[in-house]
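K.L.:
Below you will find the structure I want to go over with you.
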Amino acid sequence: MEKLVTLVPLFPLAGFLYIIFFGKGFSKGFIGTLASSTILLSFIVSVLVFTTQMHGAHPAVVKVFDWITAGSFKVDFSFLVDPLSSIYLLFITGVGFLIHVYSTGYMHDDEGFSRFMAYLNLFVFFMLILVLGDSYVTMFVGWEGVGVCSFMLIGFWYKDMKNNDAAKKAFIVNRIGDLGLIIGMCLLFAYTGTLKFDDLFISGSDISGIPGGVATAIGISLFIGAMGKSAQIPLHTWLPDAMAGPTPVSALIHAATMVTAGIYMVARSSELYAFNEVASQVIVWAGILTSILGATIALTQNDIKKVLAYSTVSQLGLMFVALGMGAYSTAVFHVITHAFFKALLFLGSGSVIHGMGGEQDIRRMGGLKKHMPVTHLTFLIGTIAIAGVFPFAGFFSKDQIVAVAFEENKIVFILSLIVSACTAFYMFRLYFLTFHGKFRGTHEQEHHLHESPKSMTIPLVILAALSVVGGFIGLPHAVGEEMGMHWHWLDHFLQDAVVMPSMHMTMGTELLLMVIATVVALSSIAYAWSIYKKRGVLADEDKDMKSSAQKLLYNKYWIDEIYDTIIRKPVDRISDFFGKFMEPKLIDGLVEGTGSLTKATGGIFRMLQSGSLSLYIFVFIIGLIAILLSL
Amino acid sequence: MLTLLLIAIPLFMAGAIFVMGSKSARQLALITGVVELLVTFAAIWVEKSGNNPELLTFNKQWIGPLGISYAFSLDGISLVMVLLTTLLLPVIIYSSFNKTFRNPHVFYGLMLLMIASMIGAFTTSDGLMFYIFYEFALIPIYFMILIWSHAEGRARITLKFFLYTLFGSLFMLVSLLYVYQHSHSFALEDLYAAGQALSAYEQGWVFAGFFIAFAVKIPVFPFHTWQPATYNAAPTAGAMLLAGIMLKMASYGLIRLVLPMLPEGVAEYGTWALVLASVSVLYASGMAIVQKKFKLLIAYSSIAHLGVLTAGILSGNAQGIQGGVMEMLSHGIITVGLFVVYDIIESRMSHDEMHRMGGIREVNPQFAFLFFVIVMGSVALPMTSGFVGEFLLLLGLNQYSTALTIVAGLTVVLGAVYMLRSFQAMMLGTSNAHTQHFAPLNQQEKTLLYIIVAMIVILGVYPDPILSLSNPSVETLLQGIH
Amino acid sequence: MLSEYIFWFLSFVAVFSAAGMIFSKNPVYSVLSLIVTFFAVAGHYFLLGAQFLAAVHIIVYAGAIMVLFLYVIMMLNLNELEEEKKSLYTKALSFFAGGVLMLVLIAVVRRTEELQLIQPAVYNADLGLTQHLGKVLYKEFLVPFELASVLFLSAMVGAVYLSKKDLA
Amino acid sequence: MQLFHNITVNHYLVLSAVLFGLGAFGVLFRRNAIIMFMCIELMLNAVNLTLVAFSKMWNHTDGQVFVFFIMVVAAAEVAVGLAILMMLYRNLHTTDTNVLNKLKF
């Protein structure tokens, strides 16, 4: 049964190759169907694999071929099937399929349609490799592969240089993280002699021999990789810019799947982090800071996709908080629910943008409720889910994180509550400004407004349904007991794959925390409602921004500008210095100087070459005499 | 016997082409290239099957009293290097098919002469023969650049290139002779034994001699200044030979001569060399960032990658050496690919200044796609050949020093910076007046690019045939050290 | 005893006429004195029992080479040429250098032990005879001998080529 | 052979040293290329003389064969050398080595 897993990434790959090489003559409908059906096939196989795992099959390594051999270093290209990877498979292919279907509608009028579908297929392929890889190296293949796909898809509309810049930025920032990951792998190999997950973690003995300091270094290095991919401070700046890509890309890559690769990796390495206090603390603080940063910036953004992007940054931060606190399965839980509702929100926003004819500024929207009923309803569900209202998916996963924070660190707990409040506020601000009030766009836009086609709304509906019920895979103890349902199902499922925290929380505390979380979310929603719905306040135009705090947030703490000043410009300047002075003057000067010196010396000695035969003979004879005398 | 054949075929054909004149020189050269490739495959087959190992060696005394002999043997490492040479040879010859130049028979004859000499260097198991082949390869390329270059000041540039590399090699000769004093034989095994018997301090000095020679050729900062100008001046086929194959003789020399001969010298007194190699990565990346011409960018990116290569090899463990072998192969292919791209652009735009281009993807998406794959190979993306090599190199280097690994590893970031910048500047955006009429690829260009892209991807996805070919030899080599 | 006298006589003639060759102002006289020197040297060869060499020496040097010299001098009309001016400085230097060289060489010889010309144990009177030498030349030194003829041929070609009129 | 009981190889060596020194002196002293040429011949003869003397002493023909070959070379040299001088004279109207000093940087 496990052998089948090889097929999972194979389908999208085949789809990609087919479309790239033979896709020229076919209609868009055929290409769209082909691309989507490859993912559907993968999804079906994933379900099969998943059910075997659910029924308690042992984790299995499926070898595809010999890959890298170098002395004691041997890595096969093989896949690891265990609960963690199989659940990832499930939601990648599932959400991926929905987004593929959605894309056939969304991108239908684009001239690069088949290219787009091919890239999406390729992306899914690499994402599957990422989660299936049985070693860090194989995982790294997918890791970098999704980076490239992200690059290609962000810069999909390559004629606009802004998109290309965003794509390049995403790739390069990711690469900084990748360097960290490579260093982490190198260190890991140097101290354990292997990079395979089952040698390192499942057999379990190899990592215990690593000295503490090195373990911390490894943990932090790997986390730097995760920072890049999952947009954590200080490597988060690429994600909002990545919204330059088509919206399905933002939904699939920059919300649901790729950006959660960092969480996957840390969860996969849970045994490494579980006893590594320093690295874990670094993760917690990077996570909560990112979370706060993202949430606060999202409060003031006016681009519908930017709000969602910062929201993603913020949610990813929360996931890392969970990871850092040792609640690995909780983080995975939030990854899954987040994939549902964030994909839904992005797709919904895509639907809005589609209807608005490309407009993304919420100051130009409003009152879309009556024009786009399905989009409105599903978007509302997504908003409620992310805001954390019982019993939507976001509530359970976020509540678990908050609960863990409460156990581990009270400051983080409070900060995470603030994040929750902010989340609820900016999401409803977005919702009200978009769907309620009067339409603020141009007449042509108003005329153009329409509900999206079926291929787009059906995925929305399915995702909305999942956003409602998705949380039940991880019902907390209190609720589960009460309702007579299987509680903490996900934790049980994942217990062989990741380290489980030892939580001892009374039901009372648990309930109390749930109440607190709900109250925070609801009051925040009510506040947003009172401002944006009841009073009808609109977002400020750029020039009207007065308070410095607002400017600070609107300009994203000027982090991009700071990076520009302290990193990009110095690099350019140093390179310039190399190019203008060091290379031609200093180094080549030395080289040329050697030549000139030789020439000058030769110039002196050539004076002796007078051409006078007598002189030559005279010197010759003197030399002869000297030799004879010395004998 | 096969080794001898590998050297003799191009040598003989070079002579034949010289004699037969310009008429069908290029076809003959191409046939030679293909035959060489087939012989290489035969040799690999013999090595893998393990039968008739005597087919892979040849030993005949040349100057008996001095312990010099015509000794050749093909082990896994040599085979990979020979494979690199013979894989690239048909590609390089084919890449110059659509060009017309004066006296093509001389050009191709010189090329084959150079190939023979490089294969000699890759296969010989005699220290002095290595030196001779290593030096001899300079002569044909010198003339190829001098005669067929169109650059201004080519005489000066080629002279600098020639003198500089020759000057560097003298250090190698001194070191070689120093070890020879103790071995009284140039056979590599004897040199290894004699070298290892030296004290670590002596080994350090001998290593310095070798390293300077190889560092000039590889090239490693700060011995690299001949290289960008030479690439820029050279005809593209010449630059391909130089960057794709010839420079690998030096890194091969590090593996074949330096590591087994002077293990302690490298380990105890070789830190400066590793530091230089790592600095080389940073410096060349910085230089690549400011380049405005694509050809110069290729040159500097090459230095950066070879910096990682040098550092990785000198770390002296199985991962570093295996990575080195793989990276040599991959870097050869990718660099040749980049030069092919350069050639295509240059033939249409008649310049290679990147900021004056843009939007070529819009006009010619196929070309842009193929170029993109090569760029990805160059930034060492997994599933391209670049990754396997570079990753193993870093893995090896880390066992020597983590700090250096971080410095050298910055190539991962900086490589992406300059390669993507150039790709974006040339290919993306909207087309301008210059690029609007970018002609579609012709059959020859398409074939070339597809072959190169296929090699990059196949070696990246399934590098095992190469790695398992060289792995036993690498382990034997390392066993000889410990 | 006779041979001793002959030795001293021939040596005197050789040295004297060599000096004459150098100091004579007219090149023709120089050539003639050099011929005399060569005859004296040929006499020495006779004394040493190398009859064949003596004969060849006279034929080649006196007969061929010196005639060539004379011929060239006549052709170039060098005998009318004014003797070049030499500074005292050059004269002194050349005298010094040549003299010191000679003295050093003599001193070197002086410091070696006396070497008898004839070692009775190995003496062979036939050594320098044509018959004997011819055998050696055509057996042991066949290849160099033939090569020498090639050398001659090339010298001949070279000389003819160089003296062509239109080679300017 | 009683003939030589007072004449030793050393005598011949001294004689050839004197001839050689004279030749060297002549080459330095004169500037006429033809005379210089003749001085060189003189030096060659001085060397030949020692070779023959040693040949006598060791009773071995090699010395004489050597002399023979030196003569061959000398003859060839004279032929070519004189031809060069002829040509030089034709072009420059001199055989003075002080004038023939163009072979320099």
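Values quoted throughout were computed directly from the atomic coordinates according to the rules given, and no laboratory measurement underlies them. Not measured: the values here are computed from a predicted model. Positions of Cβ are generated from backbone atoms using ideal geometry, with glycine treated the same way; all protein chains shown enter the neighbour counts.
K.L.:
Using the Kirkwood formula over every pair of different C-alpha atoms, what hydrodynamic radius in Å results for the stretch D:6-92?
P.N.:
Evaluated over the stretch D:6-92, this radius sits at 14.2 Å.
K.L.:
Moving to a separate point now. Compute the long axis of helix A:304-324 from its Cα atoms, compare it with the longest principal axis of the Cα atoms of chain A, and write down the angle in degrees, 0 to 90, nearest 10.
P.N.:
The angle comes out at about 80 degrees.
K.L.:
Dimensions of the stretch A:276-537 along principal axes (Cα, Å, largest first)?
P.N.:
The Cα atoms of the stretch A:276-537 stretch 59, 33, 30 Å along their principal axes.
K.L.:
Past the 19 Å Cα-Cα mark, which pairs from A:306/A:342; A:580/B:217; A:306/A:534; A:599/B:160?
P.N.:
Where the Cα-Cα span goes over 19 Å, the pairs concerned are A:580/B:217; A:306/A:534.
K.L.:
Using Cα atoms only, what is the angle between the long axis of helix A:454-469 and the major principal axis of chain A, expressed in degrees (0 to 90) to the nearest 10?
P.N.:
With rounding to tens, the tilt is 80 degrees.
K.L.:
Where the eigenvalues come from the Cα gyration tensor of the stretch C:1-83, what are the semi-axes √(5λ) of the equivalent ellipsoid, largest first, in whole Å?
P.N.:
27, 16, 5
K.L.:
Determine ³J(HN,Hα), in whole Hz, for all residues of the stretch A:422-433 in sequence, where each value follows from phi through the Karplus function 6.51 cos²θ - 1.76 cosθ + 1.60 and θ = phi - 60°; x replaces Gly and Pro.
P.N.:
Here the 3J(HN,Hα) series is 4, 4, 4, 5, 5, 5, 6, 4, 4, 4, 5, 5 Hz.
K.L.:
Another one. Using the 2.2 N^0.38 Å rule of thumb for compact globular proteins, work out how the stretch A:561-630 stacks up: its C-alpha Rg over that value, please.
P.N.:
For the stretch A:561-630, the normalised Cα radius of gyration is 2.39.
K.L.:
What list of ³J(HN,Hα) couplings, whole Hz, do you get for the stretch A:337-342 from phi and the Karplus terms 6.51, -1.76, 1.60, once you set θ to phi - 60° and write x for glycine and proline?
P.N.:
Listing the rounded values in order: 5, 4, 4, 5, 6, 6 Hz.
K.L.:
Determine, for A:614, A:329, the number of other Cβ atoms within 10 Å of each Cβ, and report the residues in order from fewest to most.
P.N.:
A:614, A:329
K.L.:
Right, next: When the Karplus curve 6.51 cos²θ - 1.76 cosθ + 1.60 is applied with θ = phi - 60°, which whole-Hz ³J(HN,Hα) does each residue of the stretch D:61-73 get, with x for Gly and Pro?
P.N.:
Values, residue by residue: 7, 3, x, 5, 4, 4, 4, 4, 5, 4, 4, 4, 5 Hz.
K.L.:
Once amide H atoms are built 1.01 Å from N in the peptide plane, which residues 5 or more positions from residue A:389, or in another chain, come under 5 Å H to H?
P.N.:
HN-HN under 5 Å from residue A:389: A:395.
K.L.:
What nm distance separates the two modelled labels at residue B:268 and residue A:511, each placed 7 Å from Cα along Cα→Cβ?
P.N.:
The modelled label-to-label distance comes out at 7.5 nm.
K.L.:
Restricting attention to the stretch A:259-341, which chymotrypsin sites (Phe, Trp or Tyr not before Pro) occupy a DSSP loop and are surrounded by at most 15 other Cβ atoms within 10 Å?
P.N.:
A:275
K.L.:
Given springs between every Cα pair under 10 Å in a Gaussian network model of chain D, which of D:79, D:46, D:24 has the largest fluctuation?
P.N.:
Checking each option, the largest mean-square fluctuation is seen for D:79.
K.L.:
Taking the inverse of the average 1/r across all pairs of different Cα atoms in the stretch C:124-168, what Kirkwood radius in Å do you get?
P.N.:
For the stretch C:124-168, inverting the mean 1/r across all distinct Cα pairs yields 12.9 Å.
K.L.:
Using a 10 Å cut-off around each Cβ, can you sort A:173, B:275 from fewest to most neighbouring Cβ atoms?
P.N.:
B:275, A:173
K.L.:
While we're on this one: Quick one: compute a quarter of the convex hull surface over the Cα atoms of the stretch B:1-268 and quote it in nm².
P.N.:
Hull-based average projected area comes out at 14.1 nm².
K.L.:
Also, quick follow-up: Over all directions, what mean area does the Cα convex hull of the stretch A:272-356 project, stated in square nanometres?
P.N.:
Spelled out: convex hull of the Cα atoms, projected over all directions, averaged, 5.6 nm².
K.L.:
Follow-up. Could you work out Rg/(2.2 N^0.38 Å) for the protein assembly as shown, with Rg from alpha carbons only?
P.N.:
Normalised by 2.2 N^0.38 Å, the Cα Rg of the protein assembly as shown equals 1.27.
K.L.:
With 10 angstrom as the radius, rank B:84, B:173 by how many other C-beta atoms surround their C-beta, starting from the fewest.
P.N.:
Final ranking by Cβ density, sparse to dense: B:173, B:84.
K.L.:
Using label points projected 7 Å from each Cα along Cα→Cβ, tell me how many nm separate residue B:347 and residue C:75, to one decimal.
P.N.:
Label at residue B:347, label at residue C:75, 6.2 nm between them.
K.L.:
Separate question: What number, rounded to the nearest 500 deg cm²/dmol, is the helix-based mean residue ellipticity at 222 nm of chain C, given -39500 (n - 2.57) per DSSP H run of at least four residues and division by all its residues?
P.N.:
Computed ellipticity for chain C at 222 nm equals -23000 deg cm²/dmol.
K.L.:
If you don't mind, there's one more thing I want to ask. Using amide H atoms built in the peptide plane, which far-off residues or other-chain residues are under 5 Å from residue B:71 H to H?
P.N.:
Here the answer is B:60, B:125, B:126, since their amide H atoms fall under 5 Å of that of residue B:71.
K.L.:
Label point 7 Å out from residue B:430 along Cα-to-Cβ: which residues of the stretch A:96-113 have amide N under 18 Å?
P.N.:
Answer for the stretch A:96-113: A:111-112.
K.L.:
Continuing with this model, one more query. Work out the charge dipole of chain A with +1 on the Cβ of Lys and Arg and -1 on the Cβ of Asp and Glu about the Cα centre, then indicate which of A:346, A:326, A:393 is farthest towards its positive end.
P.N.:
A:346
K.L.:
Once both labels are modelled 7 Å past Cα along the beta-carbon direction, what's the residue A:496-residue A:14 spacing in nm?
P.N.:
2.9
K.L.:
Another question, then. Which one, D:35, D:84, D:70, has the greatest fluctuation when you compute a Gaussian network model over chain D with C-alpha springs under 10 angstrom?
P.N.:
Checking each option, the largest mean-square fluctuation is seen for D:84.
K.L.:
Same structure again: Show which aspartates and glutamates lie in cross-link reach of residue A:196 when reach means a straight Cα distance below 20 angstrom and same-chain residues fewer than eight apart are skipped.
P.N.:
Correct list for residue A:196: A:2, A:66, A:76, A:82, A:134, A:144, A:178, A:206, A:271, A:496, B:390, B:464.
K.L.:
Report, to the nearest 10°, how far helix B:2-20 tilts away from the longest principal axis of the Cα atoms in chain B, using its own Cα long axis and a range of 0 to 90°.
P.N.:
That works out to roughly 50 degrees.
K.L.:
Hey, what's the Kirkwood Rh for the stretch B:270-482 if you take every pair of different alpha carbons, in angstrom?
P.N.:
17.6
K.L.:
What FRET efficiency comes out for the pair residue C:146/residue C:23, r = Cβ-Cβ distance, R0 = 35 Å, nearest 0.05?
P.N.:
0.25
K.L.:
Using C-alpha positions alone, give me the convex hull volume of chain A per residue in cubic angstrom.
P.N.:
244
K.L.:
Further question: Pick out which of D:45, D:59, D:91 has the largest mean-square fluctuation in a Gaussian network model of chain D, springs linking Cα atoms closer than 10 Å.
P.N.:
Residue with maximal mean-square fluctuation among D:45, D:59, D:91: D:91.
K.L.:
Okay, next question. Given the pairs A:229/A:585; A:162/B:99; B:292/B:446; A:229/A:369, which are separated by over 29 angstrom at their Cα positions?
P.N.:
Too far apart for the 29 Å limit: A:229/A:585; A:162/B:99; A:229/A:369.
K.L.:
Continuing with the same structure: Please give every one of the lysines within straight-line cross-link reach of residue A:28, meaning a C-alpha to C-alpha distance under 18 Å, and leave out same-chain neighbours fewer than 8 residues apart.
P.N.:
Reachable lysines: A:454.
K.L.:
Shifting gears a bit: Can you give the calculated 222 nm mean residue ellipticity of chain B, where each DSSP H run of n ≥ 4 adds -39,500 (n - 2.57) and the sum is split over every residue, rounded to the nearest 500 deg cm²/dmol?
P.N.:
-24500 deg cm²/dmol
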